[in-house]
């Protein structure tokens with residue numbers, strides 16, 4: 001089974017906010033995601049559309065680390081999986097390792113050239129308006145999905161596609177948050 005999600009940024013002053021919507025069927029809002037800005041330790045919460053329950057949380061293990069590891073837990077605090085930034089691989093292309101009880105995946109920038117150009121633009125403080133593209137690879141290195149940001153939009157909109165039913169939809173939404181918020185997009 002494959003599925004598609006859209007992560008849409010909501011512009012606010014004090015926190016990052018997104019709406020996550022399942023889009024491979026008739027569009028269905030799955031929840032609202034919030035992240036406080038300027039926190040020393042990452043903490044992101046996704047609540048149900050009515051705000052009554054927590055769908056998942058992303059919690060940083062340490063304060064401001066270079067190769068961050070983030071635990072993704074459900075509303076009861078049970079582990080769904082982890083997102084870990086691969087610092088060494090990220091020197092060339094930003095790379096995350098996603099692990100759950102069902103498997104392991106790698107999320108990496110699709111284009112090495114685009115990754116380098118984006119870094120140069122960030123050094124001279126010029127906004128990056130190009131499409132941001134990440135490939136989701138399974139254990140054998142086959143592409144099983146992507147996280148892509150639409151270019152030239154006022155607010156960020158991420159298209160998340162997963163063709164591997166072992167990857168929990170909440171982890172896929174967490175991947176979108178990692179690409180946008182944890183990497184200061």
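The values are calculated or read from the model by the stated rules, or taken from the named source; none is laboratory data. Remember, predicted model here, so these are calculated numbers, not experimental data. Reconstructed Cβ throughout: ideal geometry from the backbone, glycine too, with neighbour counts over all protein chains shown.
Listed by first and then second residue, the pairs with beta-carbon distance under 8 Å, at least 6 apart or on different chains, first residue in segment 165-185 and at pLDDT below 95, second in a helix (DSSP H, G or I), are 185/179.
Report yes if residue 106 is closer than 18 Å to residue 161 by Cα, surrounded by fewer than 16 Cβ atoms within 10 Å (Cβ to Cβ), modelled with pLDDT of 95 or more and touching a strand residue (DSSP E or B) at 6+ places or on another chain (Cβ under 8 Å), otherwise no. Before the answer, list the steps.
On the way: closer than 18 Å to residue 161 by Cα: yes; surrounded by fewer than 16 Cβ atoms within 10 Å (Cβ to Cβ): no; modelled with pLDDT of 95 or more: yes; touching a strand residue (DSSP E or B) at 6+ places or on another chain (Cβ under 8 Å): yes.
Judged against the criteria, residue 106 is not a match.
Starting from residues that are touching a helix residue (DSSP H, G or I) at 6+ places or on another chain (Cβ under 9 Å) and closer than 16 Å to residue 175 by Cβ, keep the ones in segment 61-78 and report whichever is modelled with the highest pLDDT. Filtering segment 61-78 for residues that are touching a helix residue (DSSP H, G or I) at 6+ places or on another chain (Cβ under 9 Å) and closer than 16 Å to residue 175 by Cβ, the one modelled with the highest pLDDT comes out as 72. Do you know which of the residues in segment 129-164 that are at pLDDT 95 or above and at positive phi is surrounded by the most Cβ atoms within 10 Å (Cβ to Cβ)? Step by step, filter segment 129-164, then rank; the result is 145. Name the residue that is nearest to residue 154 (Cα to Cα), counting only residues in segment 1-43 that are touching a residue at least 40 places away in the same chain (Cβ under 8 Å) and exposed (fewer than 10 other Cβ atoms within 10 Å of the Cβ). It comes out as 11. With respect to residue 81, is the statement that it is within 23 Å of residue 20 (Cα to Cα), over 18 Å from the mean Cα position of the chain (by Cα) and either surrounded by 14 or more Cβ atoms within 10 Å (Cβ to Cβ) or modelled with pLDDT of 90 or more (or both) true? No.
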